[in-house]
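The values are calculated or read from the model by the stated rules, or taken from the named source; none is laboratory data. Keep in mind the model is a prediction, meaning the values are calculated, not measured. All Cβ positions, even for glycine, are placed from backbone atoms using ideal geometry, and neighbour counts span all protein chains on display.
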Amino acid sequence: MWLRTGCDITFDVSVDTPFILMLRPRSGAQQWVARESYTLKPSVLAVEYTDNYGNLCQRLVAPPGEFSIRTSADIFTADTISVGSGAPFDDVQNLPDEVLTYLLPSRYCESDRFIELGQEIVMGLTPGYDQVAAIEAWVREHIRFNSNSTLFQQSAVEVNQQREGVCRDLAHLGISLCRGLCIPARMVVGYLYQLEPMDFHAWFEAYVGGRWYTFDATQPCPKGGRVTVAYGRDAADVAIFNQFGPALYPRKMAVHVEMLATAPD
């Protein structure tokens, strides 16, 4: 399916403020970017680099006053996600080098504290995909997804205690439970077609059967129409913006995802 994705973000800046943005999706095995626009107002020098996870990042200094970022992209992506029931567990000694980092505890994913709970959830299941599917179902059943949650920057331990969170919180808990079972898992941030309410979205992927599979405990069933912007160990690696200076929150942020009837010209 063809999707047109984008965002419109506005800040009120008081002093020259360095930013690192992470707003550009990249083409890969799961998606193809056919057209893209990226507008900064006022126009400032931006330097792009690729971080350790392959994400496209933009460095810039925003001047005092109103500063806005507007992006738009036409992207071809799958209208379904792959389901790999029975896909086997990959022994750690056989994992690709670049996957190993997704086995370790991280800032928001204290996976070493979820070993026992993970084992309880997957008891009796074949190691691999079926275990991750059980974890996804458990998170969906036991953690309330609340897009308006006032709980802020929760770690997986806190999410499990509070039993409520936004999409990134549910992803952190799923990731931690997987890593506690020696299944690599990573955070994904991007767009989801027909998400309600519309916003940037977070989910997780687990590595089983020699490949990455998508899991999303906020949705009642496997759902395609996803556009990935960034991968990382947890939310600390995939922030769509980081500013360095006075704390800034967007005065305005709008996200849009629409399906295109035909491929863009």
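Does ILE175 meet the test of being closer than 19 Å to ASP90 by Cα and not small (Gly, Ala, Ser)? Against the criterion (closer than 19 Å to ASP90 by Cα and not small (Gly, Ala, Ser)), ILE175 qualifies.
For the stretch 105-164, filtering for residues that are touching a Pro at 6+ places or on another chain (Cβ under 7 Å) and hydroxyl-bearing (Ser, Thr, Tyr) leaves 2. Inspect all residues belonging to the stretch 80-100 and state whether any of them is touching an Asp or Glu at 6+ places or on another chain (Cβ under 8 Å) and of a type in the set (Ser, Thr, Tyr). There is at least one residue in the stretch 80-100 that is touching an Asp or Glu at 6+ places or on another chain (Cβ under 8 Å) and of a type in the set (Ser, Thr, Tyr). Does PHE114 meet the test of being in contact (Cβ under 8 Å) with a residue 12 or more places away in the chain and either over 18 Å from PHE204 (Cβ atoms) or crowded, with 21+ Cβ neighbours inside 10 Å (or both)? Here the answer is yes, as PHE114 does meet what is asked.
Residues in the stretch 11-42 that are more than 22 Å from the chain's Cα centre (by Cα) and either under 15 Å from ILE240 (Cβ atoms) or surrounded by 15 or more Cβ atoms within 10 Å (Cβ to Cβ) (or both): PHE11, VAL13, THR17, LEU40. Within the stretch 1-42, track down each residue that is basic (Lys, Arg) and out of contact with any Cys (no Cβ under 9 Å at 6 or more places or on another chain). Listed by number, the residues that qualify are ARG4, ARG26, ARG35, LYS41.
Answer yes or no: is there a residue in the stretch 88-110 that is of a type in the set (Phe, Trp, Tyr), at pLDDT 95 or above, within 18 Å of the chain's Cα centre (by Cα) and surrounded by 14 or more Cβ atoms within 10 Å (Cβ to Cβ). Checked against the condition, which is being of a type in the set (Phe, Trp, Tyr), at pLDDT 95 or above, within 18 Å of the chain's Cα centre (by Cα) and surrounded by 14 or more Cβ atoms within 10 Å (Cβ to Cβ), the stretch 88-110 yields at least one hit. For ASN55, the conditions (1) among the polar types (S, T, N, Q); (2) surrounded by 13 or more Cβ atoms within 10 Å (Cβ to Cβ); (3) over 30 Å from ALA206 (Cα atoms) all hold with the exception of (3). Report, by residue number, each residue of the stretch 194-206 that is buried (at least 22 other Cβ atoms within 10 Å of the Cβ) and either free of Cβ contacts under 8 Å to residues at least 60 places away in the same chain or of a type outside the set (A, V, I, L, M, F, W, C) (or both). Scanning the stretch 194-206 gives HIS201, ALA202, TRP203, PHE204, GLU205.
Inside the stretch 212-265, can you point out the residues that are touching an Asp or Glu at 6+ places or on another chain (Cβ under 6 Å) and either basic (Lys, Arg) or surrounded by fewer than 14 Cβ atoms within 10 Å (Cβ to Cβ) (or both)? Those that are touching an Asp or Glu at 6+ places or on another chain (Cβ under 6 Å) and either basic (Lys, Arg) or surrounded by fewer than 14 Cβ atoms within 10 Å (Cβ to Cβ) (or both): ARG251, ALA254, PRO264.
State whether one or more residues within the stretch 224-235 are without any contact (Cβ under 8 Å) to a residue 60 or more places away in the chain, touching a strand residue (DSSP E or B) at 6+ places or on another chain (Cβ under 6 Å) and farther than 24 Å from PHE11 by Cα. No; the residues of the stretch 224-235 include none that is without any contact (Cβ under 8 Å) to a residue 60 or more places away in the chain, touching a strand residue (DSSP E or B) at 6+ places or on another chain (Cβ under 6 Å) and farther than 24 Å from PHE11 by Cα.
Just one residue in the set THR17, THR71 is in the same structural domain as GLY245 (by TED's automatic domain parsing) and either without any contact (Cβ under 8 Å) to a residue 24 or more places away in the chain or under 30 Å from THR262 (Cβ atoms) (or both); that residue is THR71. Checked against the criterion of being at pLDDT 95 or above, over 18 Å from the mean Cα position of the chain (by Cα) and of a type outside the set (D, E, K, R), the candidates VAL227, VAL166, VAL208, VAL238 yield just one match: VAL208.
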